[in-house]
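Step one of this worksheet: look at the structure below.
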Amino acid sequence: MPIDGRTIAQGEILKTDVCIVGAGAAGITLAQAWDGAPFSVLLLDSGGFGEDSSIQSLSDGTTEASSFDCESPYPFLESRVRCFGGTTTRWSGACIPLDADDFLPKSWLRHSGWPFERSHLMPYYQRACEVLGIPEFPPAMPKESPFHQSPLETKVVCFSHPLDLGQKYKRQILRSPNITLITYANVSQIILDDGSSYVTRLEIKGFGDRSFTIEPRTVILATGGIENARLLLASNAQHPQGIGNHNDQVGRYFMEHIYQVVGILPLHQRRQDAIFFTDVSSVGHTQALRTLGLTDTWRHQHRLLNLHLRFYRYTLLEDTEAVIFAKQLQVAALDRQKRFGEMIRGGKLWRDGWTVLPRYLGWHFWNKLDRKARFDHVRLSGWIEQEPDPENRITLSRTRDKLGQPLAHLKLHFSDLMQDSVMRSLEHMSKILYTRGFGQLEYNPERLNHLAPYNKMGLHHMGTTRMHPNPHYGVVDANSKVHNVDNLFIAGSSIFPTGGAANPTLTIVALALRLGDRIYRFYTDSR
């Protein structure tokens, strides 16, 4: 049953067994799993059933520019969506599990290791595949492939079907006898009992000074890697440092994935082996794409952070001055830069563009349309793991949103360790691929500089309420419960101790299902 939070009477008090704050991937996963359960559930979302610019503005934030290694501010508004379905309403749908080594502690990497191994999570990964409409992992790999012989390992990215979990589960949740969805409900404060060990109520704030209260037995924060930390920090009516932050851990260890062009690989006579990486293929009722990495054993032996490579067909025509300039022109036009006119008038485009550009465009569209089209190089773009660093963090900004709440403030720095790990990984891959009949992998950053427009942030927010059995090093315990608060749990990528190089959503859903089982057992065993 849906309720518009804007219609709830001022000062009203709602009671429930479980309150889920956030109706994105984690929140919807929990709700659909509890349909028909013998306990009541309130599912809150900040927005409605579609994007609303006035609501979306609440997700804005500020960045400490001196520490942020990009030319433009962090894209807060583009990275999250405040509506039913959350960011699944605009994501790519990419699903891949973390590698086994991502869960293990490493003597050479501070703050690494999860409280459990991947084998513990595998049953939940399998159920997460059902939630997301993808085949069970891991699918079979071609043993004869030069990309799937140690120390190289082929992995598979599957795409959620459908992409929007809100669309997929809306009807089920709205018809559920025990679940009530409240839209346009923004939690402003989490209030604890006098002993600060138990959540007694949530203060819900709306536009126009309208507010109401929820009194839950159990609370689960599922608002994302930035908002989970922001809400804990902003709930400072009783404790100035916020909730769960006695040891100054909330907001720390923020991790992102950079998606960056890392190499150009000449294929020589091995084009056929690369085709399966450049083309999406059908797997069951959805689509899949292969990606390449080093084995866990090899990375562990050589002390390397994780790196997953994706392949794109490439022609050396992209190295020509005319094509480089044409792409710069396209970026300027899309960004509505004032320099667009100057670039046209000064233009390198006119020198050899009339001969090169038609050849490049013909090649480009032909390779988009025909799987059998000729190509002799691939561009390698990698999802790059960022190590957990307590100095990368979310704090509260001095700027406030329309509801008077402090915005999130991000401090983010990409370390020399991360870049060094990428270069050493590519050095290993280059030697291995060369012995297997490929050309020399070109991975010098200067060689790849003109491909920088392909680089982007993954918009994967991880680590800010990390899982650790010791409250001095984390915010939640191994069961996703906030340390020292008996009925407050957190779902989502904010609890990741490390981020690997995998898209996080499959793991978010798996961990939500794991938490859901625990909460379900608590309520059914206590009946």
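Among rounded, prolate and oblate, which fits region 479-523 when a ≥ b ≥ c are the square roots of the eigenvalues of its C-alpha gyration tensor, a/c under 1.5 means rounded, and a/b larger than b/c means prolate? It comes out oblate by the Cα gyration axes.
Let's test the formula: R0 of 60 Å, r as the Cβ-Cβ distance of Phe207 and Arg303. What FRET efficiency results, to the nearest 0.05?
0.70
Measuring between alpha carbons in the structure, the pairs from Lys431/Lys456; Lys170/Lys205; Lys327/Lys372; Lys155/Lys431; Lys106/Lys481 lying more than 22 angstrom apart are Lys431/Lys456; Lys170/Lys205; Lys327/Lys372; Lys106/Lys481.
Note on region 191-341: dipole from Cβ charges, positive end direction compared against Thr295, Gly206, Thr218; the farthest Cα belongs to Thr295.
Using just the helices of the chain, give the 222 nm mean residue ellipticity in deg cm²/dmol: DSSP H runs with n ≥ 4 each add -39,500 (n - 2.57), and the total is spread over all residues, rounded to 500.
-8500 deg cm²/dmol
In this simple spin-label model, placing a label point 7 Å from the Cα along the Cα-to-Cβ direction at both Arg171 and Arg371 gives a separation of 3.2 nm.
The slack between Gln126 and Gln287, meaning 0.36 nm per residue of separation minus the straight C-alpha distance, is 56.3 nm.
Once volume of the Cα convex hull per residue in Å³ is worked out from the coordinates, which option in [x] 274; [y] 168; [z] 156 does it equal? Calculated volume of the Cα convex hull per residue in Å³: the matching label is [z].
If R0 is taken as 30 Å, the Cβ-Cβ distance between Glu144 and Phe49 corresponds to a FRET efficiency of 0.05.
Let me know the charge dipole size of region 185-324 about its Cα centre in debye, to the nearest 20, where only the beta-carbon of Lys, Arg (+1) and Asp, Glu (-1) is charged.
Taking the Cα centre of region 185-324 as origin, the dipole is about 360 debye.
With respect to the chain, whose longest principal axis is taken over its alpha-carbon atoms, helix 505-525 is tilted by about 20°.
Would region 349-435 count as rounded, prolate or oblate if I go by the C-alpha gyration tensor, calling it rounded below 1.5 in a/c and otherwise prolate when a/b exceeds b/c, oblate otherwise? Oblate, because a/c is 1.5 or more while a/b does not exceed b/c. Using the Cα gyration tensor of region 131-225, with a ≥ b ≥ c the square roots of its eigenvalues, what is the shape: rounded (a/c below 1.5), prolate (a/b larger than b/c) or oblate (neither)? The shape class here is prolate.
Computed from point charges on the beta carbon alone (+1 for Lys and Arg, -1 for Asp and Glu), the dipole magnitude for the chain about its Cα centre is near 1080 Debye.
Take peptides 265-272, 98-105 and line them up by average Cβ neighbours within 10 Å, highest first, as a rough protection proxy. Could you put the intermediate results ahead of the total?
Numbers: 265-272: 15.2, 98-105: 19.0.
Answer by packing, highest mean first, reads 98-105, 265-272.
Ranking Ala501, Phe438, Ser425 by Cα position along the charge dipole of region 411-513, where only Lys, Arg, Asp and Glu carry charges on their C-beta atoms, puts Phe438 farthest toward the positive end.
If we count every other residue with Cβ under 13 angstrom of Lys143's Cβ, Lys/Arg +1 and Asp/Glu -1, where does the sum land?
Values: positive: none; negative: Glu144, Glu153, Asp273.
Spelling it out: positives minus negatives among the neighbours equals -3.
Nearest 5 is fine: what % of DSSP beta bridges in the chain come out antiparallel, could you say? Close to 65 percent.
When +1 charges are put on Lys and Arg Cβ atoms and -1 charges on Asp and Glu Cβ atoms, the dipole computed for region 1-89 relative to its Cα centre reaches about 340 debye.
Do you know the relative contact order of the chain, to the nearest whole percent, from alpha carbon pairs under 8 angstrom that are 6+ apart?
Values: 1167 pairs, mean separation 129.9, N = 527.
Value for the chain: 25 percent.
How much net charge surrounds His461 when only the other residues with a Cβ under 9 Å from the Cβ of His461 are counted, with Lys and Arg +1 and Asp and Glu -1?
-1
Sorting 216-222, 1-7 by their mean Cβ neighbour count within 10 Å, with the most densely packed peptide first, gives 216-222, 1-7.
None of the figures in this text is laboratory data; all of them are computed from the coordinates on show. Here the structure is a predicted model, which means the values were calculated and not measured. For neighbour counting, all protein chains shown are included, and Cβ atoms are generated from backbone atoms with ideal geometry for every residue, glycine included.
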